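The structure under discussion appears below in the form of structure tokens.
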Amino acid sequence: MWNNVLHWVDQPFTSATYLGMLLGGVLTLAITLGAVTYTIYGERKIIGWMQGRVGPNRVGPFGLMQSIADILKLLIKEDIVPAKADKALFMIAPIITYVPAFAVLAVIPYTFHHYFTARLNIGVLYYIALSSISIIGIVLGGWASNNKYAIIGGLRSAAQMISYEIPLALSMLGVVLLSGSLDITRIIEVQQQNGLWNVFPQILGFIVFLIAATAELARAPFDLPEAESELVSGYFTEYSGFRFAFYMLSEYVYLIAMAGLAAALFLGGWTGPFGLGWGWFWYAIKSFLFIFLMFWLRATMPRARVDQLMGFAWKYLIPLAILNLLISAVEKLYWLKG
Amino acid sequence: MSGVLGLLKGLGVTLGQLPKKKVTLMYPDVQPEWPDRYRGVHKLMPDLCIVCNQCARICPTSCISLSGTRGEDRKLHLETFDINFEICILCDLCTEVCPTEAIQMTDTFELAEYNRDAIYKDMNWLTENGKQHALRKGLSLESTEEAVEQNNQLEGNA
């Protein structure tokens, strides 16, 4: 029974495996919420330190309760819908954004055992396909708000995310080519077998991935969809309370998911140095490094200009990603025959 | 290429800030040293006021209202003086215009209250604020009385 609950991935569908899935979903949600809470806290602390400040320090010891207090405030706020907004779309747009953000976590293999993640044989494809759906929620939210800043933010977001999805997917394609599989678990296993993390043969792909991922997550220096100085706060200008919280939540869940993906595709996932155990521990460290890089970039870089943004993706990143694909093919032929 | 190096240099600068000493002042626990001419909430010396109404007239937000009566010495004496700190912008114009320096500014600025009436400050509160400010700054309270005497002498000479 417990074997079926815990290892539901490899079992036929029964009530026990269903219980396993349900437990997995609830547990993942709880862990994600906790992780997002402390990602926000960590972001504020790290950016504070980089700016010579101390960051949150009042609520609880070292300000550890700050994010919890913020979330509590958001959840008990009134649910305001602007009078001239498209009510139905305005209300479901944050949900359309959040559901795919949570669903992509299913293929991030935090440990080898897959207690509450799915071992999907098209993991990479699933991630790219689902993360595109969130854009619909963002554009809908911007349009339904009936606000000029929101619509500009929403459309910018659509243009940016669709453009940067291409170099992102192309940079992942190099990894897929080397591993010969779309299954993220298999990609990690191949790295383990070769004894070589993909970041070394795929260094160009990794750089393209980092830049495209930053843009895809709409984080500084590519945070144009919510550019405070121009657009108030972009597509969620009109949102407040728990619907606003859902937009913020999906943003940070994507950050964590992207960190998990970067760790899996390029940094060898759960494999640690010297074959030491504790897969989830190494995974957490690698994900944290990616997340830290995002915070570090935000504390350092000014925002990119709108007219430079699209050109950068189409003129530089996509050709580089295609070049990386060619290099990967050569490597696969003569070096990493696998 | 130099652009990429510039990006890396910038990243180095922000990373270098991490171990440095933070400059944040832990505000409610540690109060900063306010400069002498800090433009905070007013203090009032009612004995100096000649009820000329200039402060009320120059006030850009019309937040000052005052009234006075003519005493037995045929001079005007202040009876009420209110500042509405909901709309006061602490612009210092009333202080600049006051001919007897009856109204001046202090370093008080914490005006948060639980209701609106409470930030409508009257003569007594403003006088008390002046006393507290003098205590904090180590000024002598007699300076007010001296100023009143000096003022009377000047008037007598004229």
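Quick notes on this structure:
- Rounded to the nearest whole Hz, the Karplus-based 3J(HN,Hα) values (6.51 cos²θ - 1.76 cosθ + 1.60, θ = phi - 60°) of the stretch B:53-61 follow the sequence 6, 5, 4, 5, 6, 7, 4, x, 10, with x at glycine and proline.
- Positions from the stretch A:23-68 whose accessible area shrinks by 10 Å² or more when the full protein complex is built, not the chain alone, probe 1.4 Å: A:49, A:50, A:52, A:53, A:54, A:57, A:58
- Taking every alpha-carbon pair under 8 Å whose residues sit at least 6 apart, chain A reaches a relative contact order of 22 percent.
- Within-13-Å neighbourhood charge of residue A:127 [Cβ basis; K, R +1; D, E -1]: -3
- Label-point gap, in nm, between residue A:53 and residue A:69 - each point 7 angstrom along Cα→Cβ: 1.5
- Taking Cα centre as origin and charging only the Cβ of basic (Lys, Arg, +1) and acidic (Asp, Glu, -1) residues, the dipole magnitude of the stretch A:78-334 rounds to 240 debye.
- Placing unit charges on the Cβ atoms of the charged side chains and taking the dipole of the protein assembly as shown about its Cα centre, the candidate lying farthest along the positive direction among A:301, A:33, A:214 is A:214.
- Packing rank of A:316-324, B:22-30, B:88-96, A:248-256, where each peptide gets the mean count of other beta carbons within 10 Å, highest leading: A:248-256, A:316-324, B:88-96, B:22-30
- Sum of side-chain charges, residue B:107 neighbourhood, beta-carbon under 12 Å (Lys, Arg +1; Asp, Glu -1): +2
- Å² of accessible area per residue within the protein assembly as shown, as computed with a 1.4 Å probe and no ligands counted: 53
- For the stretch A:15-76, the equivalent ellipsoid derived from the alpha-carbon gyration tensor has semi-axes of 32, 13, 8 Å in decreasing order.
- Residues of the stretch A:300-320 buried by at least 40 Å² on assembly (accessible area, 1.4 Å probe, chain alone as reference): A:300, A:301
- By the helix-only formula, in which each DSSP H run with n ≥ 4 contributes -39500 (n - 2.57) and the sum is divided by residues, chain A has a 222 nm mean residue ellipticity of -22000 deg cm²/dmol.
- Sorted into 20 angstrom bins from 0, the C-alpha pair distances of the protein assembly as shown split as 18, 39, 23, 14, 4, 0 percent.
- As a calculated quantity, the FRET efficiency between residue B:124 and residue A:230 at R0 = 41 Å, using C-beta atoms, amounts to about 0.25.
- Solvent-accessible area assigned to carbon and sulfur over the stretch A:164-312 amounts to 70 percent, based on a 1.4 Å probe.
- Size descriptors for chain B (Cα atoms only): Rg and Dmax, in that order, 22.9, 86 Å.
- Put a dot 7 Å past the Cα of residue B:112, heading toward its Cβ, do the same for residue A:11, and the two dots end up 5.4 nm apart.
- Reduction of at least 30 Å² in accessible surface, 1.4 Å probe, comparing all protein chains with the chain by itself, residues of the stretch B:1-46: B:7, B:11, B:14, B:15, B:17, B:18, B:22, B:24, B:26
- Compared with the dominant principal axis of the Cα atoms in chain A, helix A:123-144 is inclined by about 10°.
- Area buried, chain A against chain B - accessible surface, total, 1.4 angstrom probe, square angstrom: 1200
- Taking the accessible area of the stretch A:15-76, probe 1.4 Å, and keeping the other protein chains in place, the carbon and sulfur fraction comes to 78%.
- Between the helical axis of A:279-300 and the longest alpha-carbon principal axis of chain A there is an angle of about 40 degrees.
The values are calculated or read from the model by the stated rules, or taken from the named source; none is laboratory data. Given the structure is predicted, the values throughout are model-derived calculations rather than measurements. All Cβ positions, glycine included, derive from the backbone under ideal geometry; neighbour counts span all protein chains shown. The area values use the complete protein model at the heavy-atom level, side chains included, leaving out ligands, DNA and RNA. Shrake-Rupley method; radii C 1.70, N 1.55, O 1.52, S 1.80 Å.
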